[in-house]
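Report on one structure; see the data block that follows.
The values are calculated or read from the model by the stated rules, or taken from the named source; none is laboratory data. Computed from a predicted model, the values in this text were never measured in an experiment. Counting neighbours? That spans all protein chains shown, and the Cβs are built from the backbone with ideal geometry, glycine included.
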Amino acid sequence: MGVSTYFQKIKNEELEKVINDVDYGFKYISGVSLSELDYYDQTDDTETIGQMRDERETYLETSGNRLMTGYWDVLDYLVVQKDERIKNDTSASTHHIARGKHPIELFIKHSLERVRYFTSDEVKEVSNYIISIDFSVLKLRYNPKEFNESRVYFKHPNWEQNDIDHILSGIKPIFDFYHLSASDNLSLLVHMFLM
């Protein structure tokens with residue numbers, strides 16, 4: 001079992017609804033509201049609820065509005081933990097690049113999923129910061145021994161020197177997603193979940 005992260009674009013007015021209405025927020029993220037989930041649990045109509053979720057997943061995966069990644073921990077380690085400028089500045093949006101800045105806790109029937117967000121201004125702040133990051137610097141920051149000792153997800157304890165190109169190819173789509181969201185003046189939801 002591991003942890004993956006969804007980065008999901010959201011309009012500012014939609015973000016306000018997600019923050020202020022747990023049922024709406026859950027439906028926005030998963031395609032099924034908590035009340036619908038309760039209803040279908042009571043009626044055992046798992047086929048309908050599965051279809052609703054599948055439709056939402058298909059839309060999100062094909063619309064360009066969501067990016068799923070397993071590189072959140074690598075991103076945090078190379079971009080935040082290895083940069084003294086932002087490592088200890090928890091008030092900076094850049095410090096939270098891998099996990100989202102502001103928490104929204106959404107309770108789900110069998111578990112608690114963690115959802116956090118960036119406002120559109122904070123997305124721009126992160127985008128402006130990562131423009132300045134040179135991938136050659138990230139290469140120099142990479143140390144497989146440190147990754148293994150720090151238990152960096154998801155290859156621990158088998159990180160090797162030649163993993164760096166794979167790592168950078170996984171980080172680039174996240175950077176691109178921040179840039180696109182910033183250029184469209186969108187906020188971001190960051191949704192971590194167990195797989």
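A search for C-beta distances below 8 Å between a residue of the stretch 166-177 that is closer than 13 Å to D76 by Cα and touching a residue at least 40 places away in the same chain (Cβ under 8 Å) and any residue that is of a type in the set (S, T, N, Q) and surrounded by 15 or more Cβ atoms within 10 Å (Cβ to Cβ), counting only pairs 6+ apart in sequence or on different chains, returns G170/T69; I174/T69.
Scanning the stretch 142-195 for residues that are touching a Leu at 6+ places or on another chain (Cβ under 6 Å) and either on the phi > 0 side of the Ramachandran plot or among the small types (G, A, S) (or both) yields a total of 2.
Which fully enclosed helices (runs of 4 or more DSSP H) of the stretch 112-195 have 2 or more residues being among the acidic types (D, E) and under 17 Å from the mean Cα position of the chain (by Cα)?
In the stretch 112-195, 120-131 are the helices (runs of 4 or more DSSP H) which contain 2 or more residues that are among the acidic types (D, E) and under 17 Å from the mean Cα position of the chain (by Cα).
Can you tell me which residue in the stretch 167-195 is surrounded by the fewest Cβ atoms within 10 Å (Cβ to Cβ), limited to those that are out of contact with any Phe, Trp or Tyr (no Cβ under 9 Å at 6 or more places or on another chain) and at pLDDT below 90?
Going residue by residue through the stretch 167-195, those that are out of contact with any Phe, Trp or Tyr (no Cβ under 9 Å at 6 or more places or on another chain) are 169, 175-176, 179-180, 182-186, 194-195.
Adding the requirement that they be at pLDDT below 90 leaves 194-195.
Working: L194: 10, M195: 8.
If we take residues in the stretch 167-195 being out of contact with any Phe, Trp or Tyr (no Cβ under 9 Å at 6 or more places or on another chain) and at pLDDT below 90, then M195 is surrounded by the fewest Cβ atoms within 10 Å (Cβ to Cβ).
Name every residue in the stretch 121-165 that is among the β-branched types (V, I, T) and free of Cβ contacts under 8 Å to residues at least 24 places away in the same chain, in order of residue number. Walk me through it before giving the result.
Taking the stretch 121-165 first, the residues among the β-branched types (V, I, T) are 123, 126, 130-131, 133, 137, 152, 164.
Once the filter is applied, which keeps residues that are among the β-branched types (V, I, T) and free of Cβ contacts under 8 Å to residues at least 24 places away in the same chain, the stretch 121-165 yields only V137.
Pairs are defined by a Cβ separation below 9 Å, a sequence spacing of at least 6 or placement on different chains, a first member in the stretch 85-96 that is within 18 Å of Y178 (Cα to Cα), and a second member that is among the small types (G, A, S) and at pLDDT below 95; the pairs so defined are I86/A92.
In the stretch 144-186, what count of residues is obtained for those that are of a type in the set (S, T, N, Q) and within 21 Å of S132 (Cα to Cα)? Outline the logic, then answer.
At the first step, the residues of the stretch 144-186 found to be of a type in the set (S, T, N, Q) are 148, 150, 158, 161-162, 169, 181, 183, 185.
Retained after the next criterion (residues that are within 21 Å of S132 (Cα to Cα)): 169, 181, 183, 185.
Number satisfying all stated conditions: 4.
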